[in-house]
1. Identify, please: which residue in the stretch 166-189 is assigned to a helix (DSSP H, G or I) and out of contact with any helix residue (DSSP H, G or I) (no Cβ under 6 Å at 6 or more places or on another chain) and is, among those, surrounded by the fewest Cβ atoms within 10 Å (Cβ to Cβ)?
2. Output the residue which, of all residues in the stretch 206-232 that are in contact with a Leu (Cβ under 7 Å, 6 or more places away or on another chain) and not aliphatic (A, V, I, L, M), is surrounded by the most Cβ atoms within 10 Å (Cβ to Cβ).
3. Of everything in the stretch 52-70, what is touching a strand residue (DSSP E or B) at 6+ places or on another chain (Cβ under 6 Å), assigned to a helix (DSSP H, G or I) and under 18 Å from P283 (Cβ atoms)? Give them in sequence order.
4. Could you say whether any residue in the stretch 6-21 is under 17 Å from the mean Cα position of the chain (by Cα), assigned to a helix (DSSP H, G or I) and either aromatic (F, W, Y) or modelled with pLDDT under 90 (or both)?
5. Go through G63, G49 for me and flag whichever is at positive phi and either buried (at least 17 other Cβ atoms within 10 Å of the Cβ) or under 18 Å from the mean Cα position of the chain (by Cα) (or both).
6. What number of residues in the stretch 198-212 are in a loop (DSSP other than H, G, I, E, B) and touching a helix residue (DSSP H, G or I) at 6+ places or on another chain (Cβ under 6 Å)?
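The values are calculated or read from the model by the stated rules, or taken from the named source; none is laboratory data. As the structure is a prediction and not an experimental result, all values here were calculated from the model. A quick note on method: Cβ atoms are made from the backbone with ideal geometry, for glycine too, and the neighbour counts reach across all protein chains shown.
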Amino acid sequence: MSKPEQAGLSETLDALVATDGLPASYRKTIDQHWRSLAVYIAARAAVAGGPLIVGVSGSQGSGKSTLCRMLEVLLLQEHGLHAATLSLDDLYLTRRERMDLAREVHPLFATRGVPGTHDAALGLALFDRVRAGQAGLKLPRFDKAIDDRAPVREWPTLTAPVDILLFEGWCVAARPQSEDKLGPPINWLEAEEDTAGIWRRHVNTALAGPYRPLLDGTDLVIMLQAPDFSAVLGWRQLQEAKLRARTGSGMSDAEVARFVRHYERLTRHLLADLPDRADVVIPLGADHSIGAVRYAAQTNE
């Protein structure tokens, strides 16, 4: 990369850091960690010889969206690879579909987020189009302001074929639990509002069925590894506190505590199960500091 190109990349990254409201020190994170990660992804793409789908798995508040934005810039400007990001959140079922699920299966499905509340087939269809090298792809979008899927006419269109699709979500690469794990409630929400285990078993069945090819359908998996679940709760409460300060509205700490209990079971399961399976494990401190990143060896397969 020439000096003018390096300067242009630096300006772009500085602007992204400022736009996202990140501390200036985040530029060190990019240089020390995300550049190496982009090199690893580019090398895997070269081995694959075609479009690559990269799963980015991490709990709420772990920084998945921010990482993906940085990788898009680094992959394009340093490696010439067109990257786009698909969020699991943008695959939610419509509001009507989710309300039907809450009425017909269990009231806890009124809260979006767990397996069973997404359109897995919509994500898989996009995977197929990416792998086929199609141009003009539309990325699904969910509008959280109206709690419903955005009209197709509002979905962004990608003019060039995608070299790297970054698929980010809190339960990407999650696998179902064994039946013996589903009986005992893991928190007060399950104990009080899912006494018969109907909700958690339906979630697990979704993981074992229609979600399996979606969540396991990536070519490599990056895990942003929280230190424990208490850190996840703290991160999510901090996010909401910033939202309240900025907009004057948002969930209270107590409301956030209830909200994240919907995700606790699978978050804990992933923290125990995924590190041994992921291609890249990025350990995070409670302050989002990054420990020693572990990379799986490159192969020519």
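1. Here is the first cut: in the stretch 166-189, the residues assigned to a helix (DSSP H, G or I) are 179-182, 188-189.
Remaining after also requiring out of contact with any helix residue (DSSP H, G or I) (no Cβ under 6 Å at 6 or more places or on another chain): 179-181, 188.
Working: E179: 9, D180: 7, K181: 13, W188: 11.
Checking each candidate, the answer is D180.
2. Applying the filter and picking the extreme gives Q225.
3. Of everything in the stretch 52-70, just one residue is touching a strand residue (DSSP E or B) at 6+ places or on another chain (Cβ under 6 Å), assigned to a helix (DSSP H, G or I) and under 18 Å from P283 (Cβ atoms), namely K64.
4. Checking the stretch 6-21: not a single residue is under 17 Å from the mean Cα position of the chain (by Cα), assigned to a helix (DSSP H, G or I) and either aromatic (F, W, Y) or modelled with pLDDT under 90 (or both).
5. Values: G49 fails: either buried (at least 17 other Cβ atoms within 10 Å of the Cβ) or under 18 Å from the mean Cα position of the chain (by Cα) (or both).
Exactly one residue qualifies, and that residue is G63.
6. Taking the stretch 198-212 and keeping what is in a loop (DSSP other than H, G, I, E, B), we get 209-211.
Subset that is touching a helix residue (DSSP H, G or I) at 6+ places or on another chain (Cβ under 6 Å): 210-211.
Number of matching residues: 2.
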